[in-house]
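Written out below as structure tokens is the structure these notes cover.
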Amino acid sequence: MNLSATIILAFGMSMDAFAASIGKGASLHKPKFSEALRTGLIFGVIETITPLIGWCLGLLASKVVLEWNHWIAFILLVFLGIRMIYEGVRGNDDEEAPKLQRHGFWLLVTTAIATSLDAMAVGVGLAFLQVNIIETALAIGCATMIMSTLGMMLGRFIGPLLGKRAEMLGGVVLIGIGCQILYSHFSALN
């Protein structure tokens, strides 16, 4: 794989994390750049690790991984999305509840894992090609870190426009990403 193909792959793999981080940024109260960078680093590290795991699994048992990765991503994203929608609806009472200043570490890790399972599947495919998996995984991780950080900062500006609906919208986005992953899998089978 040449440099341009690696860059295109890296930024393509980062789009789910970008969409999810916009929702995460919108649900916070004016997230600072440090929080956006923290989110970007968590998403980037996870997105660097998952193609490596996929590559190793591709060498061992690609069929099993490819049969289940879409379901795992779908379930995680729908669960997180429903949780965000519930929190957004629950927060819609008459009293103005203060918005979070930052997301919990494990919530971000779970979201990052859910949005990076497609990178694991790509890693499985890369196991059958002549690629430097370390360079490719690092490119995917760096692109994801950049896009997730930008997504959080974009969410910072979208959040005040949406008010309390920002968290619900973020949940809908996560469910949409999960459904898109499932749809892509089944449409590829036909």
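For region 15-65, filtering for residues that are assigned to a loop (DSSP other than H, G, I, E, B) and either within 11 Å of GLY151 (Cα to Cα) or not basic (Lys, Arg) (or both) leaves 3.
Only residues that are assigned to a helix (DSSP H, G or I) and either within 14 Å of the chain's Cα centre (by Cα) or farther than 23 Å from GLY81 by Cβ (or both) were counted in region 123-177, giving 32. The number of residues in region 16-49 that are within 23 Å of GLN180 (Cβ to Cβ), open to solvent by 10 Å² or more (accessible area, probe 1.4 Å) and modelled with pLDDT of 85 or more comes to 6. Annotation note: of ILE82, ILE75, ILE8, the sole residue that is under 15 Å from MET147 (Cβ atoms), hydrophobic (A, V, I, L, M, F, W, C) and at pLDDT 80 or above is ILE8.
Total residues in region 111-152 satisfying the condition of being open to solvent by 40 Å² or more (accessible area, probe 1.4 Å) and closer than 14 Å to LEU41 by Cα: the figure is 6. Listed by first and then second residue, the pairs with beta-carbon distance under 8 Å, at least 6 apart or on different chains, first residue in region 175-190 and farther than 15 Å from GLU67 by Cα, second at pLDDT 80 or above and open to solvent by 90 Å² or more (accessible area, probe 1.4 Å), are ILE175/ILE82; GLY178/ILE75. Taking the stated definitions as given, is ARG102 at pLDDT 75 or above and either open to solvent by less than 70 Å² (accessible area, probe 1.4 Å) or charged (D, E, K, R) (or both)? When the stated conditions are applied, ARG102 passes them.
The values are calculated or read from the model by the stated rules, or taken from the named source; none is laboratory data. Bear in mind that the values here come from a model prediction, so they are computed numbers and not experimental data. Glycine also receives a Cβ, built like all others from the backbone with ideal geometry; neighbour counts cover every protein chain displayed. Surface areas here come from the heavy atoms of the whole protein model, side chains and all, with no ligands, DNA or RNA. Shrake-Rupley method; radii C 1.70, N 1.55, O 1.52, S 1.80 Å.
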